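FYI, it's all coordinate maths here, none of it is from the lab. As the structure is a prediction and not an experimental result, all values here were calculated from the model. Cβ sites come from the backbone with ideal geometry, for glycine too, and all protein chains shown count toward neighbours.
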Amino acid sequence: MSDILTRLAEVLEARKDEAPDASYVASLYHKGLNKILEKVGEEAVETILAARDCEASGNSEALVSETADLWFHSLVMLAHMDIGPEQVLAELDRRFGLSGIDEKNSRAGNSA
């Protein structure tokens, strides 16, 4: 699975050097962090709504699609900040096997 993230990260990185009219991602980079964050927020809301619909209908197609959009825009945000998906994967790996309660308590005093 991380191969897909690696390939996508490479494409997102390459888009940083393109003209804003060359691609959707290049246009987001050109518009800046606030526009990227707006898209992440928009996709998060759409994902939440799709999850509610999925629970009611049993149809997961929209939820999968919206989650893909959320992940994609989150990766654009990270790339804009020069953070690669491998750093997020490393953090998830660090947490693997660690109780969620213990992990959250280890961040006591940190804003969540």
Exercise. Comparing Leu33, Leu98, Leu12, which has the greatest mean-square fluctuation in the GNM of the chain with Cα pairs linked when under 10 Å apart?
Worked result: Leu98
Problem set entry | Per-residue ³J(HN,Hα) for region 52-57, Karplus 6.51 cos²θ - 1.76 cosθ + 1.60, θ = phi - 60°, Hz, x for Gly and Pro | 4, 5, 4, 4, 6, 9
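Assigning unit charges at the beta carbon (Lys, Arg +1; Asp, Glu -1) and nothing else, what dipole magnitude in debye, to the nearest 20, does region 1-90 show about its Cα centre? Kindly include the intermediate steps, with their values, before the conclusion.
Numbers: 7 positive and 17 negative charges, 39 e Å.
In debye, rounded to 20, region 1-90 gives about 180.
At a Förster distance of 25 Å, what's the computed FRET efficiency of Leu49 paired with Phe72, Cβ-Cβ distance as r, to 0.05? Don't skip to the end; give the middle numbers.
Working: r = 17 Å, r/R0 = 0.70.
Once the sixth-power term is evaluated, E becomes 0.90.
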Exercise. Stretch Ser23-Gln87 to full length: gain in nm at 0.36 nm per residue minus the Cα-Cα span?
Worked result: 20.5 nm
